[in-house]
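Okay, so here's the structure we're looking at.
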Amino acid sequence: MTHKKAPEDRKEEIFEAALKCFNKNGYHKTSIDDIADEIGISKGGIYYHFKSKKNLFMELYKSRVNRYFDKVTTSIHEKLTATEQIRYLLKRSEEVFHDHIDVLRFLLEFVTMGSRDAEIRREVTNTYQNRVETFRRIIQEGIDKGFLKEQDAENASRVLYFLSMGFFLTCFTVDLDFDPVTLHQVNIETLFKGIQKQ
């Protein structure tokens with residue numbers, strides 16, 4: 001006797017199949033038929049959960065980007081200083097980067113489409129604002145407690161975001177002539193020299 005999959009389990013299977021197809025062919029060259037074939041279900045089985053390819057694309061982004069950043073931000077101990085929290089976040093980002101290359105490749109596709117699609121741009125903007133706010137709270141706490149220099153916490157948090165996004169985009173869009181992990185560490189140390197009290 002076969003058991004019907006729970007809706008959330010089926011959605012997760014569809015997400016995995018869609019992730020593979022979007023990464024292989026890109027958004028525009030991927031069809032719902034491709035995703036259905038990848039998972040071995042009917043096209044109607046996908047439309048039962050998602051009203052369109054774009055809806056699936058958007059929901060996949062929200063699911064995976066939230067899961068990715070949850071892995072980065074969980075386990076930050078409140079007793080850590082602001083500097084230690086930032087170091088932890090950047091170290092976790094690097095670890096998660098290596099463990100989830102497939103998700104990050106998909107994120108690149110999604111983010112670049114934000115330059116032409118207002119709905120996608122809003123989702124990317126929400127992600128940007130949430131990450132900047134996370135960094136801002138940590139930096140402001142460090143300033144208030146005297147660990148970090150007096151500075152504009154929001155602008156400093158944007159610099160951290162730009163640093164992480166620059167690392168991410170470079171790794172996927174150029175033939176690397178450097179070790180990204182080593183250079184990422186150099187960037188982090190350079191940043192800390194600028195924001196830490198001596």
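The values are calculated or read from the model by the stated rules, or taken from the named source; none is laboratory data. None of the values given here were measured: they were computed from a predicted structure. When we count neighbours, we look across all protein chains shown, and the Cβ atoms used for this are built from the backbone with ideal geometry, even at glycine. The accessibility values were calculated without ligands, DNA or RNA, using every heavy atom of the protein model including side chains. Shrake-Rupley method; radii C 1.70, N 1.55, O 1.52, S 1.80 Å.
Numerical summary
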quantity	calculated
The stretch 142-170 - residue that is within 16 Å of R87 (Cβ to Cβ) and outside any helix (DSSP H, G or I) and, of those, most open to solvent (accessible area, probe 1.4 Å)	K145
Residue list for the stretch 171-182, filter: open to solvent by 60 Å² or more (accessible area, probe 1.4 Å) and modelled with pLDDT under 80	T182
So R122, is it open to solvent by 20 Å² or more (accessible area, probe 1.4 Å), of a type in the set (K, R) and either farther than 23 Å from G26 by Cβ or modelled with pLDDT under 85 (or both)	no
Test: residue in the stretch 165-176 that is over 25 Å from T125 (Cβ atoms) and more than 22 Å from the chain's Cα centre (by Cα)	no
Residue check, R131 under 29 Å from V103 (Cβ atoms) and touching a Lys or Arg at 6+ places or on another chain (Cβ under 9 Å)	no
Selection from the stretch 96-153 of residues that are of a type in the set (F, W, Y) and free of Cβ contacts under 8 Å to residues at least 40 places away in the same chain	Y128
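Residue by residue, here is whether (1) loosely packed, with under 14 Cβ neighbours inside 10 Å; (2) within 18 Å of V103 (Cβ to Cβ); (3) out of contact with any strand residue (DSSP E or B) (no Cβ under 7 Å at 6 or more places or on another chain) holds:
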position	(1), (2), (3)
P7	yes, no, yes
E12	yes, yes, yes
F15	no, yes, yes
A18	no, yes, yes
N25	yes, yes, yes
H28	yes, no, yes
D34	no, no, yes
G45	no, no, yes
F50	no, no, yes
